[in-house]
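Peer 1: Please read through the structure below; I'll follow up with questions.
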Amino acid sequence: MIGGARADTTSVREFLRTETAGAAVLLLAVATALAWANTDLHGYEEFWNTPVSVNAGGHGLLLTVRGWVDSGLMTFFFFVVGLEARREFDLGELRERTRLLLPVSACVCGMLLSAAVYLAVTAGAGAAHGWGAALSTDTAFALGVLGTLGTRMPPRLRVFVLTVAIVDDFLSLAVIAVAYSVSLSVPALLTGLLVLAVIVVIRGRGVRRGAVYLPLAAVAWTAFLCSGVDPVVVGLVMGLLTYAHPADRSHLTRATELYRSFREQPTPELERSLHLGIASAVSPNGRLQRLFHPWTSFAVVPLFALANAGVPLGVRQLEEAFTSPVTWGILLGYVLGKPAGILLGTFLVTRLSRGRVSTLVGWAALGAGGGLAAVGFTVSLLIATLAFHGPRLAEAKTGILCSIPCSFLLTWSITAGISRLPRSRRMKYLIGRAETITDLQVPVDPDRDHIRGPRDALVTVVEYGDYDCPHCGRAEHVINRLLQDVEGVRYVWRHLPLTDIHPQAQLAAEAAEVAGQAGRYWEMHDLLLSHQGALRLPDLREYAVRAGLDAERFERSLLRHEGAARVAEDVESADLSGVAGTPTFFVNGRRLYGAYDADTFSRVVGAALDRARVKRARAEASGRGRAG
């Protein structure tokens, strides 16, 4: 059976692959830091505490090398986290804002229970002020471990874990600002907030040029740094302010016109116009995430680990750490408090809402999500360095580092237990009750749409395509393989001829509709896609003969444009669903972003089949209950 994962703007598989590889590099950096600190602790600390200043116009900033990494480079990490969250808000599950309630409540309960466990363990030890070090889930490690689970967990779990981690980061940064800012400068803080407000206003006016935002973000970062509030919050805010949206057809048409102008007159002015036109057609969120995400995963976060994870692990130090309430308070806060709080928060919301707020994933998957959230690193180390010094800091770091293998083992144990259940029961416990968001604005009509496969199939794949589009031709092989290999799937083709770049596409689409009037739609469809580039009237006439049609009658109908109205209906439905390019796919009404290779389709359709079967089983059980 095919397992599930959904492709998003930058492809979920690609994102998780980067996160998984990034987590491996992060582990290597942690190991390197530990080796360095345990062979030359003095050299390790001396290097990272080296002061570095940046001066301009008589003013400057002075930070240690570690400070530039923690407050400077990590701003880009939080920027990427904000970008990913914004993409989910604009294109993913969180477009329906009520779905934020569950992960936010789970996050808050998880943080409260983690802090409560820490305070209980450290009671009387004079370490209560370090409670913030047991709060924040590390996004990089959590998503990295999730990537290693492959298809064993439902794809929606990633959305849940990501949201929990981001809310954790936000609240933890607020904790830093309120509880761990030594000397807060109100004027500098107000300056930073004012600059962020200016950025929001500029964004609202539709300004998209990075050259406008970069200096403003730099000023805001400097102001927050001078205020005593950790400036990485600027990165998170900037990421959350960056739009994510599908390509708009008007922008794509404009880009095509600019390309033609540049092709006719390749001047520097037209080259710049073409560059700007293409950039405006693509979501800034996607472009920036593709640019920064590899750098933060493979360079920034590992460098942060290298700068902060070095802690002496000699026998004496380990004895002190594992007899320290600080170490155990942080570790148990994560391993016990986080999972319990996440499950409790989810339970309270679903119970108090009387089912009106449904879970994105099942309770077993939520348990695995609690295990993933039981890992602290990035923000936890930031808070630990603010809360502790000397031996206590080493003890806190030991507890944080120990949460990494403990989180992995806890998650692995839960998923291993789930995998031993029978498939039908496993799917019931993994898949939540929340309905899938529908992107396809015009539902499939069996009496109107062209359908290939069983009419009562559990999963419907809709493609908006263009017979002169080479990408559609390549996707056709994937679709045919899917229909052959997987039962319970039906396929629908809807026309979207891109006449600005494919002049023959409109006539080809009408030819398919004329053939459909004679009951030969799919025969003509296959011929058109297998002979792309040869779609002129004589070619279409030949295909009509090969499809078993009366050539003369076919040509007369085609010249009278008898299929044009039907094609126009499909184009209108594409506009309603925000479709601008081909091929664009919908699986059970949900738009598929990113890759459309065989592996992606197999995973996406498998996930849709699992959800449909669980939904049908629940409906049947409910019907039997009412009948009883």
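The values are calculated or read from the model by the stated rules, or taken from the named source; none is laboratory data. Here the structure is a predicted model, which means the values were calculated and not measured. Neighbour counts are summed over all protein chains in view; Cβ atoms, including those assigned to glycine, are modelled from backbone coordinates with ideal geometry. Ligands, DNA and RNA are excluded from the accessible area calculation, which covers all protein heavy atoms including side chains. Shrake-Rupley method; radii C 1.70, N 1.55, O 1.52, S 1.80 Å.
Peer 1: Leu343: more than 22 Å from Pro155 (Cα to Cα), in contact with a Phe, Trp or Tyr (Cβ under 8 Å, 6 or more places away or on another chain), in a helix (DSSP H, G or I) and open to solvent by 10 Å² or more (accessible area, probe 1.4 Å), yes or no?
Peer 2: No.
Peer 1: Collect the residues in region 1-46 that are within 15 Å of Leu303 (Cβ to Cβ), at pLDDT 85 or above and not aliphatic (A, V, I, L, M), keeping them in residue-number order.
Peer 2: Once the filter is applied, which keeps residues that are within 15 Å of Leu303 (Cβ to Cβ), at pLDDT 85 or above and not aliphatic (A, V, I, L, M), region 1-46 yields Thr32, Trp36, Tyr44.
Peer 1: Could you run through region 357-372 and say how many residues are in a loop (DSSP other than H, G, I, E, B) and either aliphatic (A, V, I, L, M) or under 18 Å from His129 (Cα atoms) (or both)?
Peer 2: The qualifying residues number 2.
Peer 1: If Arg474 meets every condition in (1) open to solvent by 50 Å² or more (accessible area, probe 1.4 Å); (2) under 32 Å from the mean Cα position of the chain (by Cα); (3) over 13 Å from Phe601 (Cβ atoms) apart from one, which number is that one?
Peer 2: Among (1) open to solvent by 50 Å² or more (accessible area, probe 1.4 Å); (2) under 32 Å from the mean Cα position of the chain (by Cα); (3) over 13 Å from Phe601 (Cβ atoms), Arg474 violates only (3).
Peer 1: So Phe79 fits all but one of (1) within 23 Å of Asp169 (Cβ to Cβ); (2) at pLDDT below 90; what number is the exception?
Peer 2: Condition not satisfied by Phe79: (2).
Peer 1: Now a separate question. Looking only at residues in region 477-503 that are over 30 Å from Arg254 (Cβ atoms) and in a loop (DSSP other than H, G, I, E, B), which one is most open to solvent (accessible area, probe 1.4 Å)?
Peer 2: Residue satisfying both the conditions and the ranking: Glu487.
Peer 1: Taking region 283-317 only, how many residues are open to solvent by less than 20 Å² (accessible area, probe 1.4 Å), over 17 Å from Gly43 (Cβ atoms) and assigned to a helix (DSSP H, G or I)?
Peer 2: Summing the residues that are open to solvent by less than 20 Å² (accessible area, probe 1.4 Å), over 17 Å from Gly43 (Cβ atoms) and assigned to a helix (DSSP H, G or I) in region 283-317 gives 12.
Peer 1: Looking at Asp468, is it assigned to a loop (DSSP other than H, G, I, E, B), open to solvent by less than 70 Å² (accessible area, probe 1.4 Å) and in contact with a Phe, Trp or Tyr (Cβ under 9 Å, 6 or more places away or on another chain)?
Peer 2: Considered against the rule, which asks whether it is assigned to a loop (DSSP other than H, G, I, E, B), open to solvent by less than 70 Å² (accessible area, probe 1.4 Å) and in contact with a Phe, Trp or Tyr (Cβ under 9 Å, 6 or more places away or on another chain), Asp468 comes out as no.
Peer 1: Can I ask one more? Kindly evaluate Val335 against the criterion of being more than 18 Å from Ala125 (Cβ to Cβ), touching a Leu at 6+ places or on another chain (Cβ under 6 Å) and not acidic (Asp, Glu).
Peer 2: So Val335 fails the test.
Peer 1: OK, next. Can you tell me which of (1) closer than 30 Å to Arg590 by Cβ; (2) open to solvent by 50 Å² or more (accessible area, probe 1.4 Å) is the one Gly82 doesn't meet?
Peer 2: Of the numbered conditions (1) closer than 30 Å to Arg590 by Cβ; (2) open to solvent by 50 Å² or more (accessible area, probe 1.4 Å), the odd one out for Gly82 is (2).
Peer 1: Tell me, which residue of region 203-259 that is over 29 Å from Thr163 (Cβ atoms) and among the hydroxyl-bearing types (Ser, Thr, Tyr) is least open to solvent (accessible area, probe 1.4 Å)?
Peer 2: Thr256
Peer 1: Something else about it: Quick check on my filter: what residues within region 278-327 are out of contact with any helix residue (DSSP H, G or I) (no Cβ under 6 Å at 6 or more places or on another chain) and among the polar types (S, T, N, Q)?
Peer 2: Result: Ser283, Gln317, Thr323.
Peer 1: Restricting the search to region 517-536, which residues are in a helix (DSSP H, G or I) and open to solvent by 50 Å² or more (accessible area, probe 1.4 Å)?
Peer 2: Gln517, Glu523, Asp526, Ser530
Peer 1: Would a scan of region 569-590 turn up a residue that is over 31 Å from the mean Cα position of the chain (by Cα), open to solvent by less than 20 Å² (accessible area, probe 1.4 Å) and aromatic (Phe, Trp, Tyr)?
Peer 2: no
Peer 1: Another question, then. Within region 373-393, track down each residue that is in a helix (DSSP H, G or I) and surrounded by fewer than 24 Cβ atoms within 10 Å (Cβ to Cβ).
Peer 2: Thr385, Leu386, Ala387, Pro391, Arg392, Leu393
Peer 1: Looking at Pro294, Pro325, Pro268, which one is closer than 28 Å to Leu236 by Cα and of a type outside the set (Asp, Glu)?
Peer 2: Pro294
Peer 1: Does Leu331 meet the test of being within 32 Å of the chain's Cα centre (by Cα), closer than 30 Å to Gly132 by Cα, open to solvent by less than 30 Å² (accessible area, probe 1.4 Å) and of a type in the set (A, V, I, L, M, F, W, C)?
Peer 2: When the stated conditions are applied, Leu331 passes them.
Peer 1: Would you mind telling me which numbered condition in (1) in a helix (DSSP H, G or I); (2) under 28 Å from Ala595 (Cβ atoms) Ala247 fails?
Peer 2: Just one mismatch for Ala247, condition (1).
Peer 1: Any residue at all in region 539-548 that's within 27 Å of Ala608 (Cβ to Cβ), open to solvent by 50 Å² or more (accessible area, probe 1.4 Å) and modelled with pLDDT of 90 or more?
Peer 2: no
Peer 1: Okay, moving on. Condition first: part of a helix (DSSP H, G or I) and of a type in the set (Asp, Glu). Now tell me which residues in region 537-551 satisfy that.
Peer 2: Those that are part of a helix (DSSP H, G or I) and of a type in the set (Asp, Glu): Asp539, Glu542.
Peer 1: Another question about this same structure. Considering region 552-568 alone, what residues qualify as being open to solvent by 30 Å² or more (accessible area, probe 1.4 Å) and in a loop (DSSP other than H, G, I, E, B)?
Peer 2: Arg560, His561, Glu562
Peer 1: At pLDDT 85 or above and over 30 Å from Ala307 (Cβ atoms): which single residue out of Leu73, Leu62, Leu102 fits that description? Spell out how you get there, then give the answer.
Peer 2: Values: Leu73 fails: over 30 Å from Ala307 (Cβ atoms); Leu62 fails: over 30 Å from Ala307 (Cβ atoms).
Result of the check over Leu73, Leu62, Leu102: Leu102.
Peer 1: Could you tell me which residue of region 55-79 is surrounded by the fewest Cβ atoms within 10 Å (Cβ to Cβ), considering only residues that are of a type in the set (A, V, I, L, M) and closer than 22 Å to Leu386 by Cβ?
Peer 2: Among residues in region 55-79 that are of a type in the set (A, V, I, L, M) and closer than 22 Å to Leu386 by Cβ, the one surrounded by the fewest Cβ atoms within 10 Å (Cβ to Cβ) is Leu62.
Conditions (1) modelled with pLDDT of 90 or more; (2) farther than 30 Å from Ser105 by Cβ, marked per residue:
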| site | (1), (2) |
| --- | --- |
| Arg260 | no, yes |
| Arg263 | no, yes |
| Asn285 | no, no |
| Val326 | yes, no |
| Gly333 | yes, no |
| Ala340 | yes, no |
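Peer 1: Output yes when any residue across region 548-565 is of a type in the set (A, V, I, L, M, F, W, C) and either closer than 16 Å to Leu496 by Cα or within 37 Å of the chain's Cα centre (by Cα) (or both), and no when none is.
Peer 2: yes
Peer 1: Still on this model: May I ask you to list the residues in region 260-270 that are open to solvent by 90 Å² or more (accessible area, probe 1.4 Å), farther than 20 Å from Pro497 by Cα and either assigned to a helix (DSSP H, G or I) or touching a residue at least 40 places away in the same chain (Cβ under 8 Å) (or both)? Steps first, please.
Peer 2: Here is the first cut: in region 260-270, the ones open to solvent by 90 Å² or more (accessible area, probe 1.4 Å) are 260, 263-266, 268-269.
With the extra rule that they be farther than 20 Å from Pro497 by Cα, the set shrinks to 263-266, 268-269.
Once the filter is applied, which keeps residues that are open to solvent by 90 Å² or more (accessible area, probe 1.4 Å), farther than 20 Å from Pro497 by Cα and either assigned to a helix (DSSP H, G or I) or touching a residue at least 40 places away in the same chain (Cβ under 8 Å) (or both), region 260-270 yields Arg263, Glu264, Pro268, Glu269.
Peer 1: Looking at Arg455, Arg433, Arg426, can you tell me which residue is modelled with pLDDT under 90, assigned to a loop (DSSP other than H, G, I, E, B) and farther than 30 Å from Arg97 by Cβ?
Peer 2: Every option except Arg455 fails the conditions.
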